[in-house]
Structure formats: structure tokens, C-alpha cells
Amino acid sequence: MMYRVTVYLLGMVTNFFGVALIINAMLGAGFWTSFFVGLSDKFGYTVGFWYGVFQFLFIFVNGWLVKQAPEIRAVIPVLLESLILDFWLEIVFANISLANAPFLLQLFTLLSGVLIVGLGVSVYILPQFPRAPVDQLFLAVSHRFNLSLRMGQTVVAAIVASVAFLIGGPVGIGTLAGILFLGPAIQYCYTRVYPMYYQFHPQYQDETEII
């Protein structure tokens, strides 16, 4: 259990380090962030309010997609994500800004963030613990419609980014990079960390094939 918990937390920390890099690249928010900001600007309330509302709704949407009971335990990673993201943004990157940095540095930071998010997501889904509903959504879509992780992530990203754009969210290069590259990054990293995870503790391996 300690091994699985360690991998789970390591994946989360890695994931939100990448998210913090994307945000600090100042080239446009990720598709989910753009969506929540757009809702806040259009209908009022805070970004965090809309984040919480949709996280809660997706618990039931995900259950419907995979034809299982809603995973109420998913509220746990929501709390963990908030704490870890605040750690990176409010402590580590609190005094760092790339707003006036050269474009190439911003672009490098953005692409690095996308790759690191892909690695983090691919690691933290391995222990099969509860996942945040927005992360579980692309897995549920992939399962329901028989898509690869890459295609499932890309489909979800494209739909959310399109809605974010229509409601006035901060869609930019960063959003496009997430749509185009995050799915492939998750797929690439997952196929490599999957055998490593079970190599160290083969007793955890089940009959599930590599996605």
C-alpha cells in the first residue's frame, strides 16, 4: 500500500508542477482553466466555485460513462490537487514571472509543462486510486467509446476548449498546446512507466492491458 500511495502522490506532484509551468508561461490557460475562468466571467461566482461544481457533476457523468456507481471517493484527490497546486503557485513560483520573458523561453516553459503534465498523469493513474473527476473524464470517455488515452484526452480537450472560447475564456497558445500535445504525451509516458511500475512490484499487476 505504501508503494502505491507513494506513486500516486508522486504523480500528482509531478502533474501540478507541469500545470504551474503552463500557467507561468503566460501564453494562455489550459483548456479546463479557460473554461472555469470563462464561466466565472460570464455568470459570476469564483473560478473555484465553478471548478468545484463541475468536479462534483463529473463524478456522476463518469459513473454513467463507464456504467458503474459514482466514485464518491473522488472528492479526496480534489482536495489534494488544490493543496499541491497552491504549493507550486503560491510558494515555489510565487516570485517568478515570465510575463516579460523572451517568447522562446515562454514557449519552452509551456511545452515542458505539457510534457511534465503528461508524465504526472500517466504515473498517478497507475495505482488505480480515486482520480479527480476531470482527470477521470478522459479515461471514462476512452473506455466508453473504445478510444486510446491519447484520443480520449484530445477529444475532451477540444470540446472543453471550444466551449471556453465561446464563453470568452482565456484561450491561447497554451490551450492549443494542451489539445494537440497533452494526449500524445500521456500515451507516450504511460506505455513506458506502466512496465516499470509492475517490474518493482509485480504482485500489483492485473490482467489489464497497457492502454
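The values are calculated or read from the model by the stated rules, or taken from the named source; none is laboratory data. Owing to the predicted nature of the structure, the values given are computational and were not obtained by experimental measurement. Cβ coordinates were reconstructed from backbone atoms using ideal geometry, including for glycine residues, and neighbour counts include every protein chain displayed. Ligands, DNA and RNA are stripped out before the accessible areas are found, and what is left, the full protein with its side chains, is counted by its heavy atoms. Shrake-Rupley method; radii C 1.70, N 1.55, O 1.52, S 1.80 Å.
Things to note:
- Solvent exposure of the chain, expressed per residue, is 53 Å² of accessible area, with all protein chains present and a 1.4 angstrom probe.
- Computed extension length for residue 128-residue 41: 27.8 nm, one decimal, from 0.36 nm per residue of separation with the Cα-Cα distance subtracted.
- Under a Gaussian network description of the chain, with springs only between Cα atoms under 10 Å, the residue in 182, 166, 85 that fluctuates furthest is 166.
- Portion, in percent, of the accessible area of the range 1-117 that falls on carbon or sulfur, probe 1.4 Å: 74
- For the chain, the membrane-span-like helix rule (DSSP H, alpha carbon extent of at least 24 Å along the helix axis, mean Kyte-Doolittle at least 1.0) picks out 2-24, 47-66, 103-124, 149-166; this says nothing about an actual membrane.
- Highest mean first, the peptides 52-61, 150-159 sorted by other C-beta atoms within 10 Å per residue fall in the order 150-159, 52-61.
- Scaled against 2.2 N^0.38 Å for its residue count N, the alpha carbon radius of gyration of the range 109-154 is 1.19.
- Here the Debye sum runs over all C-alpha atoms of the range 35-88 as equal scatterers in vacuum, and log10 of I(q)/I(0) at q = 0.18, 0.21, 0.25 Å⁻¹ comes out as -0.70, -0.85, -0.97.
- Förster radius 22 Å - calculated FRET efficiency between residue 112 and residue 176 (Cβ-Cβ, nearest 0.05): 0.85
- Rounded to whole Å, sorted largest first: equivalent-ellipsoid semi-axes of the range 1-44, Cα gyration tensor: 29, 14, 5
- Neighbourhood net charge (15 Å Cβ-Cβ; Lys/Arg +1, Asp/Glu -1) for residue 182: 0
- Here the scattering of the range 23-119 is modelled by Debye summation over its C-alpha atoms, one equal scatterer each and no solvent; at q = 0.14, 0.18, 0.21 Å⁻¹ the log10 of I(q)/I(0) is -0.70, -1.05, -1.24.
- Overall dimensions of the range 138-183, expressed as equivalent-ellipsoid semi-axes from the Cα gyration tensor (√(5λ), whole Å, largest first), are 21, 12, 5.
- The base-10 log of I(q)/I(0) for the range 111-187, evaluated at q = 0.17, 0.23 Å⁻¹, reads -0.65, -1.11 [Debye formula, identical scatterers on Cα atoms, solvent excluded].
- Largest GNM mean-square fluctuation among 32, 88, 64, using the chain with Cα springs under 10 Å: 64.
- With 10 Å bins beginning at zero, the pair-distance distribution over Cα atoms of the chain amounts to 9, 33, 41, 15, 3, 0 %.
- Gain on full stretching of the segment that runs from residue 103 to residue 49 - 0.36 nm per residue minus C-alpha separation: 16.2 nm
- Comparing 40, 112, 97 in a Gaussian network model of the chain, where Cα atoms under 10 Å apart are tied by springs, the biggest mean-square fluctuation is seen for 97.
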